[in-house]
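Report on the following structure.
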Amino acid sequence: AIQRTFSIIKPDATRRNLTGAINAKIEAAGLRIVAQKRIHMTPAQAGQFYAVHKERPFYGELCEFMASAPVVVQVLEGENAIAKYREVMGATDPAAADAGTIRKEFALSKGENSVHGSDAPETAAEEIAYFFAGIELVG
Ligand code: CMP
């Protein structure tokens, strides 16, 4: 089925001018970028986004990192978009990611791993609603 997923191009990637290269991989996979904007989060905004990871040892570091530079937040649409984007991203740890994936090519570490993608339809809907109004999604 046609789905929407939520994506973030993270600070390590925007700092290195990789937005276009990452978008090229997204589009080559058949995913359409139906909304996109560049924002600079506060640590509190990043903390709310990642609230599900509050108890993890890396939570503080994760929130500081996500607020350390601008990010590009996106909504991607396509057949099986959630699973497809996770394939295009590759494993969380770039050392474990498959060849050709965004994280294999661009990520620096488990934390500075260039992109985020939703893991399920419910989280995709929540994450999209956190950053975008319906009127901003343009199929
Ligand atoms: P993301 O998909 O954005 O969701 C949670 C993030 O936590 C994950 O990507 C990683 O960037 C980050 N993360 C996971 N494991 C670690 C770790 N061991 N150290 C730092 N950050 C991590």
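The values are calculated or read from the model by the stated rules, or taken from the named source; none is laboratory data. Just so you know, these numbers come straight off a predicted model, no measurement behind them. Every residue, glycine as well, gets a Cβ built from its backbone with ideal geometry; the counts of neighbours run over all protein chains shown.
Here are some notes:
- Helices (runs of 4 or more DSSP H) wholly inside the range 39-139 containing at least 2 residues that are out of contact with any Ser or Thr (no Cβ under 9 Å at 6 or more places or on another chain) and small (Gly, Ala, Ser): 43-49
- Residue-level analysis places Val71 among those that are within 11 Å of the ligand (Cβ to nearest atom), in contact (Cβ under 8 Å) with a residue 24 or more places away in the chain, among the β-branched types (Val, Ile, Thr) and under 15 Å from Gly117 (Cα atoms).
- Qualifying residue in the range 78-86 (condition: among the acidic types (Asp, Glu), modelled with pLDDT of 95 or more and touching a strand residue (DSSP E or B) at 6+ places or on another chain (Cβ under 9 Å)): yes
- So Ala35, is it at negative phi, in contact (Cβ under 8 Å) with a residue 12 or more places away in the chain and part of a helix (DSSP H, G or I): no
- So Gly90, is it surrounded by 15 or more Cβ atoms within 10 Å (Cβ to Cβ), without any contact (Cβ under 8 Å) to a residue 40 or more places away in the chain and not hydroxyl-bearing (Ser, Thr, Tyr): yes
- Taking the listed residues Ala81, Ala95, the one that is more than 22 Å from Cys63 (Cα to Cα), of a type outside the set (D, E, K, R) and buried (at least 23 other Cβ atoms within 10 Å of the Cβ) is Ala81, with no other qualifying.
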